[in-house]
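> Here you go, one structure.
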Amino acid sequence: MARMRVVPNRRNIAGFRKAAGTRALIERKTRAAERGAASASTAAGQFRTDVQTDDHRVRGAVIGDYSTDDPAVSRAALLRGLDAARGTD
């Protein structure tokens with residue numbers, strides 16, 4: 001069987017990763033994950049959201065539950081937040 005070779009179009013991939021629509025989608029998903037984590041938290045649910053655009057990509061992050069010292073509570077809430085963000089478009 002012949003082997004198929006795939007050559008990625010790096011210029012288009014880089015353009016997609018930095019596009020305004022991509023940033024908007026990542027920001028919506030990140031905010032949805034933060035809301036889901038805050039509502040799922042057994043503590044007060046104080047999370048920090050960070051969305052950054054650099055030269056190569058857009059990055060979104062939801063950072064730990066600042067209302068608790070228990071990392072297991074924070075981790076469980078963040079996992080629930082990921083489930084909540086899955087349904088957001």
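> At 222 nm, what helix-only mean residue ellipticity would the chain give, in deg cm²/dmol to the nearest 500, using -39500 (n - 2.57) for each DSSP H run of four or more?
-17000 deg cm²/dmol
> Counting pairs of alpha carbon atoms under 8 Å apart in space and at least six apart in sequence, what relative contact order in percent does region 27-79 give?
Over region 27-79, the number comes to 38 percent.
> On to the next question. Using θ = phi - 60° and the Karplus curve 6.51 cos²θ - 1.76 cosθ + 1.60, what whole-Hz ³J(HN,Hα) does each residue of region 41-56 get, with Gly and Pro shown as x?
5, 7, 9, 6, x, 9, 10, 10, 10, 9, 10, 10, 10, 10, 5, 10
> What number, in percent, do you get for the relative contact order of the chain if the mean sequence gap of Cα pairs under 8 Å and at least 6 apart is divided by its residue count?
Relative CO of the chain lands at 33 percent.
> Shifting gears a bit: Over the chain, average the accessible area per residue using a 1.4 Å probe and give it in Å², no decimals.
75 Å²
> Once the dipole of the chain is set up with Lys and Arg at +1 and Asp and Glu at -1 on Cβ about the Cα centre, which of Gly15, Ser67, His56 lies farthest towards its positive end?
Positive-most Cα among the choices belongs to Gly15.
> Over the alpha-carbon set of the chain, work out the extent along each principal axis and list the three values in angstrom, largest first.
Principal-axis extents of the Cα atoms in the chain, largest first: 54, 35, 22 Å.
> Please list 70-83, 4-17 highest first by mean number of surrounding beta-carbon atoms within 10 Å per residue.
Listed from highest to lowest mean packing, they are 70-83, 4-17.
> Sticking with this one: In debye, nearest 20: dipole of region 7-89 around its Cα centre with unit charges on the Cβ of K, R (+) and D, E (-)?
The dipole magnitude comes to about 540 debye.
The values are calculated or read from the model by the stated rules, or taken from the named source; none is laboratory data. Keep in mind it's a predicted model, so treat the numbers as computed, not measured. Don't worry about glycine lacking a Cβ; one is built from the backbone with ideal geometry, like all the others, and counts go over all protein chains shown. The accessibility values were calculated without ligands, DNA or RNA, using every heavy atom of the protein model including side chains. Shrake-Rupley method; radii C 1.70, N 1.55, O 1.52, S 1.80 Å.
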